[in-house]
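**Q** So that we are looking at the same thing, I have put the structure below in structure tokens.
Coordinate-derived values only; no laboratory data. Source: prediction; values computed, not measured. Reconstructed Cβ throughout: ideal geometry from the backbone, glycine too, with neighbour counts over all protein chains shown.
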């Protein structure tokens, strides 16, 4: 225990937003809280560190100084428990939010897989198809869940049902909520807390990675706990390549409205400056449907000019990334596919393009971001 941690009645005081131990001496370290704010927080029974206060009131994020090793140590300790693991993934970024080695962290504990952000998927998409897709992707990553649930933490869709399933599977055990950053883990727990206690936004939430800095224990009625853990940072997520404002321009915010394009072979669609879709070969005037953020800037051009066009216009006409960001933005890498049936070309964290049978296409995404093909979901 660090010497500068605040102790009250023999207990270390923790920020109720992120879980970091509160201290009043080092402004640049985790858990810093001014003396005046600490006094007021103790009086109110809710102490927030300065980082969480600024995040909640001004949407201002401070850099996270915990190392990956610190995050993994916290998760590895779960393997020694007898508990239920609620594993939250982003339905729109499944591969980016899967942890292939999850069982190394959770041991033999059962895993309930929860797909979040259902509210942004098109209405025509059948929930059973989504569940099957999630289970297949989890199995491919070596994860064998005892159940798959779909929710929207943002709109509270099916939270009551999820709580029933958690109660069914936990069998009097503690519950650990795990996942990578930016999948809506803390939003989900806020929703659970709000429904059970009436407290709004007890846990700090943000669109930025790395909000929860330590485990947060929420008591259950039988003496066990619901535990929010820090998110594992997954560098392959699209969210790690853009700042908050630009991320909002490419990450779906509301229910997606499909956009149709009639393309000839040799045409390209640019998705702002963050991704690209090439129609290489196939019949003339094929229909392609794009499922992405409704306000995402999409530009059609000729494939033969696409490389030069991108090099000239990325950061300006093709933005985001902005002019200031483009130097650090990863190069777009190609992933070529040929469809044998109606399929979806998925660019993780951005969306997908539904393509017809018998065409050759290429999806381009920032280095490390997954691009894959699946049978069409709609």
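**Q** What is the angle, in °, between the Cα long axis of helix 127-140 and the longest principal axis of the Cα atoms in the chain? Nearest 10 is fine, range 0 to 90.
**A** The angle comes out at about 80 degrees.
**Q** Ranked by Cβ crowding within 10 angstrom, fewest neighbours first, how are 58, 291 ordered?
**A** Details: 58 8, 291 23.
Final ranking by Cβ density, sparse to dense: 58, 291.
**Q** Further question on the same structure: Subtract the Cα-Cα distance of residue 257 and residue 108 from 0.36 nm times their separation in residues, and report this length gain in nm to one decimal. If you can, show how the numbers build up before the last one.
**A** Details: separation 149, 0.36 × 149 = 53.64 nm, distance 4.11 nm.
49.5 nm is the gain from fully extending residue 257 to residue 108.
**Q** Per 0.36 nm of contour for each residue apart, how much would the distance between residue 327 and residue 312 grow if the chain were fully extended, relative to their Cα-Cα spacing?
**A** 4.1 nm
**Q** A follow-up question, please. Shape of the range 68-234 from its Cα gyration tensor (a ≥ b ≥ c, root eigenvalues): rounded if a/c is under 1.5, otherwise prolate when a/b > b/c, or oblate?
**A** Rounded, because the longest to shortest axis ratio a/c is under 1.5.
**Q** List 181, 289, 340 from most exposed to least, where exposure is judged by having the fewest other Cβ atoms within 10 Å. Kindly include the intermediate steps, with their values, before the conclusion.
**A** Values: 181 24, 289 17, 340 10.
If I rank by nearby Cβ atoms, fewest first, I get 340, 289, 181.
**Q** If only Cα atoms are counted, what is the Rg of the chain, and what is its Dmax, in Å?
**A** In Å, with Rg to one decimal and Dmax whole: 22.2, 75.
**Q** Between residue 336 and residue 4, with labels modelled 7 Å along Cα→Cβ, what's the label distance in nm to one decimal, could you check?
**A** Label-label distance for residue 336 and residue 4, simple model: 5.6 nm.
**Q** Using R₀ = 51 Å, calculate the FRET efficiency as 1/(1 + (r/R₀)^6) where r is the Cβ-Cβ separation of residue 297 and residue 40; round to 0.05. Don't jump to the answer; show the numbers that get you there.
**A** Details: r = 45 Å, r/R0 = 0.88.
FRET efficiency, residue 297 to residue 40: 0.70.
**Q** Within 10 Å, count the other beta carbons around each residue, average over each peptide in 323-332, 12-21, 153-162, 223-232, and list them highest first.
**A** Taking the mean over residues of other Cβ atoms within 10 Å, the ranking is 12-21, 223-232, 153-162, 323-332.
**Q** On to the next question. If you take every DSSP beta bridge fully contained in the chain, what fraction is antiparallel? Give it as a percent rounded to 5.
**A** That works out to approximately 70 percent antiparallel.
**Q** Divide by every residue of the chain the summed helix terms, -39500 (n - 2.57) for each DSSP H run of at least 4, and state the resulting mean residue ellipticity at 222 nm, rounded to the nearest 500 deg cm²/dmol.
**A** -7000 deg cm²/dmol
**Q** Grab the beta carbon distance between residue 160 and residue 81, set R0 = 22 Å, and tell me the FRET efficiency rounded to 0.05.
**A** 0.25
**Q** Could I ask something else about it? Just subtract the alpha-carbon distance of residue 54 and residue 249 from 0.36 nm times their residue separation and send over the number in nm, one decimal.
**A** So the chain would gain 67.9 nm between residue 54 and residue 249.
**Q** How would 304, 293 line up from fewest to most surrounding beta-carbon atoms within 10 angstrom?
**A** Values: 304 11, 293 22.
Ordered by Cβ neighbours within 10 Å, fewest first: 304, 293.
**Q** Given Cα pairs under 8 Å that are at least 6 residues apart, what percent is the relative contact order of the range 104-211?
**A** About 24 percent, as a whole number.
**Q** By per-residue mean of other Cβ atoms within 10 Å, what is the highest-first order of 171-180, 185-194?
**A** My ranking of the peptides, most packed first, is 185-194, 171-180.
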